[in-house]
Amino acid sequence: MAKPEDTLTLKTTKGNVVIAMRPDLAPGHVKRIKALVKEGFYDGIVFHRVIDGFMAQTGCPKGTGTGGSGQNLKAEFNKESHVRGTVSMARAASPDSGDSQFFICFDDARFLDNQYTAWGNVIEGMDNVDKIKKGEPVSNPDKIVKATMGA
């Protein structure tokens, strides 16, 4: 069970999603996500890229997948498998280009293993993730209403 300080709750337009953050896997990423949550960075951010059977991506302030917080993170690839409920950092071509965007896997996506930094797992509300409107780009997308730390 995750410590309360390592629990992230996303209040979305489809309901709450609770993520157990994994500082044991990706301490730098977890620290950065916590800082962004504390700033209110994720509040109002849409799920801009949602592919059925694959993943739901969020964290772009522009809502297009082209923006971030302006602070790239060093990759922290780990042995965690990308399976249903895995939360991992999105990035561009460079391994060290992760910033604020992340995705939640709908299903098995192990082909991403050791190429993307997994930093958490959905422990509650995966049914709400399943309800997020699909698309690339998403028309009238669902969003994170409020992100908070703690149980």
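What follows is calculated from the coordinates using simple rules that are stated; it is not laboratory data. These numbers come from a predicted model, not from an experiment. Counting neighbours? That spans all protein chains shown, and the Cβs are built from the backbone with ideal geometry, glycine included.
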| said: Projecting each Cα onto the charge dipole of segment 45-151 (Lys/Arg +1, Asp/Glu -1 at the beta carbon, about the Cα centre), which of Phe103, Asn140, Ile123 comes out farthest on the positive side? | reply: Asn140
| C-alpha center-to-center spacing [segment 1-66, segment 74-151] in angstrom | 7
| query | With a sphere of radius 15 Å drawn around the Cβ of Val138, what net charge do the other residues whose Cβ falls strictly inside it have (Lys, Arg +1; Asp, Glu -1)? | reply | +3
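Of the listed pairs Lys38/Lys131; Lys14/Lys38; Lys14/Lys143; Lys11/Lys143; Lys31/Lys74; Lys11/Lys133, which have alpha-carbon separations greater than 18 Å here?
Exceeds cut-off: Lys38/Lys131; Lys14/Lys38.
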| said: With +1 on the Cβ of every Lys and Arg and -1 on the Cβ of every Asp and Glu, and nothing else charged, how large is the dipole of segment 1-148 about its Cα centre, in debye rounded to the nearest 20? | reply: 320
| request: Could you calculate the FRET efficiency of Lys3 with Thr64 from 1/(1 + (r/R0)^6), where r is the beta carbon distance between them and R0 is 41 Å, rounded to 0.05? | output: 0.75
| Once a ≥ b ≥ c are taken as the square roots of the eigenvalues of the Cα gyration tensor of segment 64-128, is the result rounded (a/c under 1.5), prolate (a/b larger than b/c) or oblate (a/b not larger than b/c)? | oblate
| Cβ under 13 Å from Ser81's Cβ, Ser81 left aside: what net charge do those residues give with Lys, Arg +1 and Asp, Glu -1? | 0
| query | How much FRET efficiency would the formula 1/(1 + (r/R0)^6) give for Lys146 and Asp108, where r is the Cβ-Cβ distance and R0 is 30 Å, rounded to 0.05? | reply | 0.50
| What order do you get for Lys3, Lys143, Lys133 when you list them from fewest to most C-beta neighbours inside 10 Å? | Lys3, Lys133, Lys143
| query | Helix-derived [θ] at 222 nm for the chain: sum -39500 (n - 2.57) over DSSP H runs of at least 4, divide by residue count, nearest 500? | reply | -3500 deg cm²/dmol
